[in-house]
Every structure is written in C-alpha cells, then in structure tokens.
Amino acid sequence: MHAPSLLALARNPTIADVIAHRAVTAVYQPVADLTSGAVVAYEALARGPRGTTLERPDMLFAAAAADGRTVELDRLCREVALRGAGHALAAPWTLFVNVEPVAAPPGVTVTRHSGDLLGPGLGPGPRVVAEITERNLTSRPAELLRMVERFRARGWGIALDDLGADPGSLALLPLLRPDVIKLDLRLVQDRPSQAIAEIASAVNAEAERSGAVVLAEGIETDEQAMVARSLGATLGQGWLLGRPGPLPSVLPPSPLVGVPIGHVRPGNPMASPFEGVAARRTVRSATKRLLIAMSKHIEGQALASPAAAVVLAAFQERRFFTPATRRRYSRPAEHATFVGTLGADLDPEPAAGVRGAHLHADDPVRGEWDIAVVGPHFAAALVARDLGDDGPQDDRRFEYILTHDRDLVVGVAGDLMARMLPDPPPVPA
C-alpha cells in the first residue's frame, strides 16, 4: 500500500502505520561539480505520507525514535530510495542514501549492489554512497564503525553529512575515513567567522591527508557557490544547482567519472594496539612510573587543544582506574568529543562524562596499557604491554612504544573504539 492509500486511512498516521504500509517515498536532489556545473550524482531524500504530520523527514524520524523504530524506518527509506533510483540510474552515476548513526546494530542489512534490491534483469544500478548524518555520532561509536566497515566491504562509499553543525564531530573524521565530507549549509550561508575558519582548516587537513572529496550543501546563490569553492569544496548541492524532486525522465549526460569511491586508504587491522604498533616501530622498556608521566602528558594534550578530541585508554583492570585517574579523565570529558576507557569489570560510566567498557579475559588488551588522543591537528599514542613483574606497582616493567605517527595513532584509536561495545544483557535463568 502506497502513501495515497494511507491518506485514506488516516490524516495523522502513526509511525507504525507508515512502516506497516511502507508509506514512504523518495525524492532526489542533484549533486553538481562546482567547476563545470555538470550533475555527477543524486541524493535520495525520504518523505513521509504527503499532507500528513509525518511528511517531513525530521518529524518522521523523530516519531520513529520516540517509538524505538529508527532501525526499521532507516532500512525502509534506504530500500525505497534504491528501488526508485535503480530503475533510472546506473554506474557511473552515484546515489547518496542517508543512514542514521543510531541504526547501527549488527542486524543492519547491506546489499553488495543497489541492483540486488531491484529484481532480475534490471542491472546493477548506481554506485552507492552511504551518507551518515552527524547527529548522535558518538552514541554508539563501536557499532557505527562496524557498520561503516560492512558498507565498505560491499563496495559502498561513505559520506559524513552536515559536518560543522557540531564542531566536535571533526575529531571523528579520521576514524570514519569518509570518501566524501559534506559541509553543513551554514558554512556557506553564514558570514565568515573564526569558528568557520577552524572547521574549514580541519576539513581541508583531513581531505589532504585522506583524499576525501569535499561537498558543500545549501548553495542557493552564485556568491555561496564561490564561498563553497573557497572552502575547498569541489562538489555542491542546493537550490541553485537543483531542487529535490523525481528523477528526470531524461537524465543529463552520464558523468565521465563518478564521485570517487574507495580511494580513501583503508585502516590497518590490529590484533591489539601494542601488537599493531610494535610491528612497525621500535619497542622499548620502562617502569610504570615513567609510563604514568608519559600518559599524563598525552592526556594533557586533549586539555590543551582548542579543538575537540577523541580520547581512548585501556587500563587492564578496574583497580587501575584509580580515584586520581577518575579525576584526570573527567576534565577532558567536559569538552572532548568522546572519552572512552576500557578495563576488566569497568563500569559503563567510570567517571563523569567518560564511557566505560569491559575487557574480557581472552582479550589481548587485558595485558596492555594503551592511550590514544586524536584531534584535527594532533595525534599521539602510548601502547604498552605488561611484562608480568611482581613487587611495587610503580616498579612494574612494560614494553612500550610512544608514537605521533597519525596513521598509527588513528589505528590504535579505532582498535580501542571498536571494543567500546556494551555487554549484552544477561540471559534470564
């Protein structure tokens, strides 16, 4: 049953009605090259039943969130978008489809090609970019990173949407490694400011390092298109370039080259932070007393940095997350994008604003002491492995590596972040 049939049923449908009757539609907005003006891609935008309280996507997803059905709605919107575009678009056309960060549990389904949803004989469909909205990026970071890897494994690109709406999310750019960075519309529509300059600097630094494409949203005038190019954008969206609507019955000429996908260098998987870094750098040994001083120095960088950072640390066991450590980690948590800690039997929130996760007995990180700090312009990691000494705590020896190599630091941070999974609820007896 489509949206018009649902309207006959109710002028104010519930989210359950919308999902049960698959009463969502997709409109498509062009993405254009800011130099030539040529259309190179389309973004699919969800709409609820026309003329109802749930027509607008913000109202639609708010209703789904309130009812605990964001995952179902997110999947439905993606399927509708792919089916609608797959009948008209094929490679080298690119289709952007939105993905909600909270819709990131292991059960999310991803098809290898958009054509998998279209039925036999309809071709492979367009190349697909999963567009992750910026809101709630840090609510379930481990699940989000795993979802991103599943999309990549199936040949999809990754875009991070609305960057700049929350400046703190800049710190997550190196962990997500998007193929496309989409600038929030206020960056091209507002007057230049120090905040905009800081965001532009961080975005261009990441694009230069990774090769990501920068896309500016909200372009409505020629002046805003010029601002977008000045900010480093090569692609754009907005009413100046094309409004959302049905796909044209006659498409523009196919782009000679589609939106680059898969050019961003993948991360290096690690068995554990220490093992991953030790394979690439010289290992030294030191007592715990020296490592504490090094850790405090790295932690201090998160406090000293004017830009938000991601801070992740593993402490082996709960007893090593002392009251003094708790106070130390509460301070960066006041302004950092994310502060996460791991250890055996560690509480879900071991300090104010700090996320905690349990390390299982068979996890190699149980024998390590690791810390990583990643910001837009700073990266450092200390990875250490316990040598098993007895005696006074401060005299215990560790093998360790201190590195400022950004790729290695991001790898350590990603490895620790991937372990920030909540333990499943206990099975009833």
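The values are calculated or read from the model by the stated rules, or taken from the named source; none is laboratory data. Treat the numbers as computed from the prediction; the structure is a model and nothing was measured. FYI the Cβ positions are ideal-geometry reconstructions off the backbone, even for glycines, and counts take in every protein chain you see.
A few points about this structure:
- Yes/no for residue 88 being surrounded by fewer than 23 Cβ atoms within 10 Å (Cβ to Cβ) and farther than 19 Å from residue 20 by Cβ: yes
- The residue of region 264-299 that is nearest to residue 91 (Cα to Cα), among those that are at pLDDT below 90 and surrounded by 12 or more Cβ atoms within 10 Å (Cβ to Cβ), is 264.
- Leading residue by the ranking (surrounded by the most Cβ atoms within 10 Å (Cβ to Cβ)) among those in region 218-258 that are in a helix (DSSP H, G or I) and under 29 Å from the mean Cα position of the chain (by Cα): 228
- The listed residues are 341, 403, 325, and the only one of them that is under 16 Å from residue 419 (Cβ atoms) and of a type in the set (Ser, Thr, Tyr) turns out to be 341.
- Pair list, Cβ under 6 Å, 6 or more apart: region 196-209 residue among the β-branched types (Val, Ile, Thr), other residue buried (at least 20 other Cβ atoms within 10 Å of the Cβ): 196/187; 199/164; 203/181
- Every residue from region 302-342 that is assigned to a strand (DSSP E or B), of a type outside the set (Asp, Glu) and at negative phi: 310, 311, 312, 313, 314, 315, 338, 339, 340, 341, 342
- Single residue of region 397-412 satisfying the filter (assigned to a helix (DSSP H, G or I) and touching a residue at least 40 places away in the same chain (Cβ under 8 Å)) that is surrounded by the most Cβ atoms within 10 Å (Cβ to Cβ): 412
- Selection status of residue 84, among the small types (Gly, Ala, Ser), over 19 Å from residue 261 (Cβ atoms), modelled with pLDDT of 75 or more and assigned to a helix (DSSP H, G or I): yes
- For region 322-347, a residue qualifies if it is among the hydrophobic types (A, V, I, L, M, F, W, C) and more than 17 Å from residue 300 (Cβ to Cβ), and the qualifying residues are 338, 342, 344, 346.
- For first residues located in region 4-31 and at pLDDT 95 or above, partners that are in a strand (DSSP E or B) and surrounded by fewer than 14 Cβ atoms within 10 Å (Cβ to Cβ) and lie 6+ apart or on another chain with Cβ distances below 8 Å form the pairs 27/245; 28/245; 29/245.
- From the list 47, 69, 127, the lone residue that is modelled with pLDDT under 90 and surrounded by 15 or more Cβ atoms within 10 Å (Cβ to Cβ) is 127.
- Hits in region 166-216 - residues which are buried (at least 20 other Cβ atoms within 10 Å of the Cβ) and either in the same structural domain as residue 407 (by TED's automatic domain parsing) or basic (Lys, Arg) (or both): 177, 182
- So residue 157, is it crowded, with 17+ Cβ neighbours inside 10 Å, of a type in the set (Gly, Ala, Ser), out of contact with any Pro (no Cβ under 6 Å at 6 or more places or on another chain) and at pLDDT below 85: no
- In this structure, residue 46 does satisfy being in the same structural domain as residue 183 (by TED's automatic domain parsing), in a strand (DSSP E or B) and either of a type in the set (A, V, I, L, M) or touching an Asp or Glu at 6+ places or on another chain (Cβ under 7 Å) (or both).
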